[in-house]
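In what follows, a single structure is set out as structure tokens and then discussed.
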Amino acid sequence: MSIQDIIEGKKQWRAHLARVKALPPDYQIVYKEMQRYLFKVGPVSLPVLLPGILDFFEEGVAAGKGVLELIGTDVAAFCDDLVKDSPTYADVYQESISTEPGAHGK
């Protein structure tokens, strides 16, 4: 990864955060809770998932819907449904150590 890639990534992240800040307060709160939850779970698809959630929320705002109308009242369950078939970084790590030469199979 070059320095240019890092700079571009930071620009994209700042633009993403600006979009989050443009959401109504209730959407911002739920988005941040979802982000916090997903950072803990660690799905590999997170770089694609967060912008997708933001697009979904922006569409909900444009349609005049409340955030809980979109996702329901259980934020964690909604997040779990989003990533239920996605590998996590823990899964990738576990796979890498189980396939290393000399590793004991399970």
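Taking the criterion of being within 18 Å of residue 54 (Cβ to Cβ) and open to solvent by 40 Å² or more (accessible area, probe 1.4 Å), the residues of region 71-83 that qualify are 78, 81, 82.
When residue 59 is tested against (1) within 11 Å of the chain's Cα centre (by Cα); (2) open to solvent by 100 Å² or more (accessible area, probe 1.4 Å), exactly one condition is not met: (1).
Against the condition under 19 Å from residue 34 (Cβ atoms), modelled with pLDDT under 85 and open to solvent by less than 70 Å² (accessible area, probe 1.4 Å), how does residue 86 come out, does it pass? The answer is yes for residue 86. Taking the residues in region 1-25 that are under 17 Å from residue 50 (Cβ atoms) and not in a helix (DSSP H, G or I) as candidates, determine which candidate is most open to solvent (accessible area, probe 1.4 Å). Checking each candidate, the answer is 22.
The values are calculated or read from the model by the stated rules, or taken from the named source; none is laboratory data. The structure displayed is predicted, hence computed values, not measured ones. Note: ideal-geometry Cβ built from the backbone for every residue, glycine included; neighbour counts use all protein chains shown. For the accessible areas, the whole protein counts, side chains as well, though only heavy atoms, and no ligand, DNA or RNA atoms are used. Shrake-Rupley method; radii C 1.70, N 1.55, O 1.52, S 1.80 Å.
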